[in-house]
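What follows is a single structure, written as structure tokens, with notes after it.
Read the figures in this text as sums done on the coordinates, not as results from a lab. For clarity, every value in this text was computed on a predicted model and none was experimentally measured. Neighbour counts run over all protein chains shown; Cβ positions are idealised from the backbone, glycine included.
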Amino acid sequence: MNDEFELISRYTRADAIADGVLVDVTNTAKEAGIKYPTAVTHAVFEKYVRVPDGVTDQDEAGRLWDILQMLTVAIRLSTGGDSLAFTVLVRNDNIAPQRVELKALCHPGDDAEPVITILMPDED
């Protein structure tokens, strides 16, 4: 068996952030007490961080803070593992907040350092 492999393609976390597939939220995550670099998927950002048109009394900073705070609570209550489901209340209308399920993965980054990615439950 040949021990040499030809690298066909490499798509890094940095590439995903540069392309907008992931949105880096590390600075806010650090303020929330999360010590690892943190990103949300484009889907999470668009659906739960970005404020929908016409929705009042909401801003992206506050919505992101809520997600990160609920993640920190879930981490503190966790018994370990590299995947964690958590719930956050999000108001995408002017009526009432709804429970939203998200998941967070702790996995190796581009240089094998621990990183966190927040995803929709059906994303990998």
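Cα-based Rg (one decimal) and Dmax (whole number) for the chain, in Å?
For the chain, the Cα radius of gyration and maximum Cα-Cα distance read 16.3, 63 Å.
At GLU123 and ALA96, where each label point lies 7 Å from the Cα along Cα→Cβ, what is the point-to-point distance in nanometres?
Here the modelled spin labels are 2.8 nm apart.
So which lysines can LYS47 reach, going by Cα to Cα under 18 Å and dropping same-chain residues fewer than 8 places off?
Qualifying lysines at Cα under 18 Å: LYS103.
Note the angle between two axes, namely the Cα long axis of helix 60-77 and the longest principal axis of the Cα atoms of the chain, as a number of degrees from 0 to 90, rounded to the nearest 10.
Helix 60-77 and the main axis of the chain meet at about 70 degrees.
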